[in-house]
Amino acid sequence: MALRPIICIPDNRLRLKSQPIERVDDDVRRLMDDMLETMYDAPGIGLAAIQIAVPRRVVVIDTSKEGEDARPISFVNPEIVWSSEEKSVYQEGCLSIPEYYEDVERPARVRARYLDREGRENEIEADGLLATALQHEIDHLNGVLFIDHISRLKRERVWKKFVKAAKHNANEPGHPAHDSREL
Ligand code: GNR
Ligand code: NI
């Protein structure tokens, strides 16, 4: 297993549409293990492969609480096949937008179809934090970030802040940037 660097906005790779996995093999399972290690280290409750710069449709999630046994779930090619009319609001954050949190409204419950670690087709019906995390991660696979669901004013404010920070980092050798690439 290996820790991998997490990329942050304004890195435009976060806007890529990730490509489906054709076969769940040992390479894919190794990717999932690296993602889980990176997610727990961060720490976060979910991670999409593009956040470690791999544009593949792979997601890991663990919404278990501190002190509980870990309950990691790995999803390959996840798709929402049903979502409730009922909505819920969670304060979301993203490891690719550090230290920024905002309320986001999404369907309260979703059903998703995916391949598991063995490549078997599976379905899960989720509510609560798991439902929110699943939608947040599947958004990543489509190049969508949670700030795309908030007001344009707030989104532009946070985006500009990270562009500025990236430029600053690029001009200060010895201060490794989150990622200093520009749009
Ligand atoms: O760690 C995370 N917490 C979180 C909280 C509320 C809604 C979504 C999330 S996902 C986030 C980790 C992350 O950035 N996943 O892409
Ligand atoms: Ni995220």
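The values are calculated or read from the model by the stated rules, or taken from the named source; none is laboratory data. Quantities reported herein were computed from a predicted structural model and do not represent experimental measurements. Here the Cβ is made from the backbone with ideal geometry for all residues, glycine too, and neighbour counts use every protein chain on show. Only protein heavy atoms, including side chains, enter the accessible area calculation; ligands, DNA and RNA are left aside. Shrake-Rupley method; radii C 1.70, N 1.55, O 1.52, S 1.80 Å.
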**Item:** With 5 Å bins from 0: P(r) over the chain, alpha-carbon pairs, percent
**Value:** 1, 8, 16, 20, 21, 16, 10, 5, 2, 0, 0
**Request:** Enter the accessible area per residue of the chain (Å², integer; probe 1.4 Å; all protein chains in place).
**Result:** 56
**Request:** Work out the FRET efficiency for R120 and R15 from their Cβ-Cβ distance, taking R0 = 30 Å, and round it to the nearest 0.05.
**Result:** 0.45
**Fill in**
So, with points 7 Å from each Cα along the Cβ direction, the D69-R113 label distance in nm works out to 3.1
**Asked** Hey, got the dipole for the range 26-183? About the Cα centre, +1 on K and R Cβ, -1 on D and E Cβ, debye to the nearest 20?
**Response** 720
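Can you tell me how much longer the chain between V89 and V54 gets when fully stretched, taken as 0.36 nm per residue apart minus their C-alpha distance, in nm with one decimal?
Here the segment from V89 to V54 would lengthen by 9.7 nm.
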**Item:** Convex hull volume of the range 4-43 per residue (C-alpha atoms, cubic angstrom)
**Value:** 77
**Prompt:** Hey, rough spin-label estimate for D33 and K164, points 7 angstrom out along Cα→Cβ, what's it come to in nanometres?
**Reply:** 4.4
**Message:** At 7 Å along Cα-to-Cβ for each site, give me the label-to-label distance between L129 and W82 in nm.
**Reply:** 2.5
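For every helix of n ≥ 4 consecutive DSSP H residues, a contribution of -39,500 (n - 2.57) applies; sum these over the chain, divide by its total residues, and give [θ] at 222 nm rounded to the nearest 500 deg cm²/dmol.
That comes out to -9000 deg cm²/dmol.
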**Asked** Which percent of the accessible area of the chain is formed by carbon and sulfur heavy atoms (probe 1.4 angstrom)?
**Response** 47
